[in-house]
1. Using only the Cα atoms of the range B:1-84, construct the convex hull and provide its projected area averaged over every direction, in square nanometres to one decimal.
2. Let me know the shape class of chain B, please: from the alpha-carbon gyration tensor, a ≥ b ≥ c as square roots of the eigenvalues, rounded when a/c is under 1.5, otherwise prolate if a/b is greater than b/c, or oblate.
3. Which length gain, in nm to one decimal place, applies between A:D423 and A:K483 when the Cα-Cα distance is subtracted from 0.36 nm times their residue separation?
4. Can you give the mean number of other chain Cβ atoms that lie within 10 Å of the Cβ atoms in peptide B:106-113?
5. On a 1.4 Å probe surface of the protein chains, which of A:I491, B:I18 comes out largest in accessible area, and what is the full order?
6. What number comes out for accessible area per residue over the range B:1-119 if the probe is 1.4 Å? Units Å², please.
7. If each of B:V94 and A:Q416 carries a label point 7 Å out from its Cα toward its Cβ, how far apart are those two points in nm?
8. Run the simple label-point estimate for A:A30 and A:D104 please: 7 Å along Cα→C-beta, distance reported in nm.
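The values are calculated or read from the model by the stated rules, or taken from the named source; none is laboratory data. Because the structure is a prediction, the values reported are computed rather than measured. With ideal geometry, Cβ positions are generated from the backbone for all residues, glycine too; neighbour counts draw on all protein chains shown. Heavy atoms of the whole protein, side chains included, go into the accessibility calculation; ligands, DNA and RNA do not. Shrake-Rupley method; radii C 1.70, N 1.55, O 1.52, S 1.80 Å.
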Amino acid sequence: MSKIIGIDLGTTNSAVAVMEGGTAKIIPTAEGRNTFPSIVEPIKNLVGDVAKRQMVLNSQNTIFSVKRLMGQKFSGKQSQKTKEIAPYEIAEGAGSMAVIKIADKTYTPQEISAKILQKAKADAEAYLGTTVTDAVITVPAYFDDSQRQATKQAGEIAGLNVQRIVNEPTAAALAYGLDKGKNETVVVYDLGGGTFDVSILELGDGVFEVKATNGDTFLGGDDFDHRIIEYIVAEFKKESGVDLSLDKQALQRIKDAAEKAKIELSSAMETEINQPFITQRDGQPLHLTLKITRAKLEELVADLIERTIEPCKKALADAKIEKSHIGEVILVGGMTRMPKVQQVVKEFFGKEPNKSVNPDEAVALGAAIQGGVISGDVKDILLLDVTPLTLGIETMGGVMTPLIERNTTVPSSKSQIFSTASDNQPQVEVHILQGERPMAADNKSLGSFILDGIMPAHRGVPQIEVTFDIDANGILNVSAKDKATNKEQKITIKNATNLSDDEVEKMKQEAQKYEAEDKKKKELVDKRNEADSLIIQTRKVLSDAGDKFGAESKKEIEDSLGELETELKKSDSTFESIDASLKKATEVMQKHAEALYKAAGEKDKTEESKAEEPKTDTDSAEEGEVVK
Amino acid sequence: MVKKHLNTEEIEKLNLRIEELESDYRRVLADYKNQERRFKDQEILVVKMANSVLLEKLLLNLDSLILAQSHLKDKGLEMVIGQIFSTLSQEGLVEIKTDNQPFDPVTMDCTEITPGEKDMVVETISKGYYLFDKVLRPAKVKVGDGMENSK
């Protein structure tokens, strides 16, 4: 079965989404945006941004807000109210239904909506690279049967099999993942570009029931924009005496600036509108500069936000539900990004609204999920697990070395080569750990095993490949293989991803809490390891080329190594004390090595020392920085 | 050990399960292939269009500069603006031709109708640009209404 797309056929904007790899994704339009204006010019067949751009030029032939006319009688209140604001002609068609008249042609609202759906289909096909024949389309919860029928017909005209008509609030709830939870009451607060809807849903066993719905079909973001424009024009008039509302060109710039300011004030407390050369007075240019604070904006639109409360009250009364019984409040529509709107919603329902899904996209995403359920895309496989915590092994000095990082999608597999810590080590212990702390002892131990039979060799020479393989069910297979002998040892750990949320949270919090302390511990271990390897390396050099050193030099080196060893053995040795001894030993070693080189190459004497000296300088400088 | 015989019902069930798993597998594989193809396209596009966000913001400032110039008519400023656009054109910015062109909603945004030849651009309010072959920003134009005595 081919993919079923989800379409949010909105009053002002529409969006399309599809299930992919188990999650719903918005399909970008041909213009590269996530939503497009629900505007149609049927004669030249223009839809979306392109239709919007020629709207001024061709207002009588450009249709917007056609959703308001879907399945409506011409004499109905909705049709008449739309007629008042629409520059295109609305007339009475067959069965006394509202139709749109352009030149001498009439179009049903279904035909116009079909153009929007056709664009959605074409964009989806371009994105998916296949033909699309099936769709789920959303409608407001209050749509009656004839409006739903009309929407379905629109889909058919567009060449789509409408698999289902879904309520917008239901789709939004799906996008918020509320179907998987408990039985609860959900409020969907949807403040879009042109309409406001509030719905009370009852969720139970994956079934959504719309208990009540209310709203204001002529209230939305556009009204908010108008308020800001009015304010800017009034302020400018106060300051300069020029009425910008008479200057269409200036008004256009203010409109763009107002929208930008509105968006900016959702994140910033203050914004500045700067429009140089906005107009002229007595041949002198005038500039518009105006600061708008968030508080000012909130004051300008306070009554608009307040208007959403009455429908909320009515919906609650209709559903016969107390505010205290509401389990979740979710936000839909771009205007709900405004902090004041969120605050008012919170104050009214007494609950922090959930805003985890992009409010412009929630409905389309939910429709896609519904499509996925129908096509069989959405099943249990949808729940691809991720590893909640990092998985790794213990390495020298009790350090946790991660192999599979936290939040890796399973199944996953990773290998890394390790080696021995001391000479002629016959076996290694692979200790498997889970957690975010840098020290092995602070993490959860999942198990360990021993790989033996390693051929005698210097430390660091044997190659032991450790592989972590975690399957889709969270079963972890850890194997260690000696590359020289191909000897292998393994262990299987079940439920490596299976931790309760509390456990994961606790471990993550601990990791944060002890971050500084852990870092110190790890630094100490790293320093110890550094010292260790210096001792071993130096000893190796002494035994390999000891005859080249004089007896005195040899003793001096031995002494400094001895000192370092004693320091390491002390129980109260610190990062600083080890570092001091280590530096001393390094200096001694370097001094003698230099002497050795000098003696060896009589001819290259000057060059050697030149090359050597600056190097030691930078070395010590770097170490000095680390200590600080 | 006794060999266990499956009855037809069980075989039927298992076959159905195999079919289901195979279709799931194909679905995932198809998603992956598509994703791969898209990533490839995207990769090229991302590199090519990396400047688009910055350019869009910069163009707003340049609009102001052009407005300033149209008022000041300063020779030096004229040169500076020319320099900026020559630099930007090296990065793929191309001006959308509007003057005396028929109105095209793909590349232009009509903000006002004004006396003039019908459906022709009478005046450009702010210039539009392509970034390579994509419309970065449509031009804002005044379009003729064909009412007035256009010559």
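1. So the mean shadow area of the Cα hull is 10.7 nm².
2. prolate
3. 19.9 nm is the gain from fully extending A:D423 to A:K483.
4. Per residue, the average neighbour count from other chains is 6.
5. B:I18, A:I491
6. It amounts to 76 Å² per residue over the range B:1-119.
7. In this crude spin-label approximation the distance works out to 5.0 nm.
8. 3.1 nm
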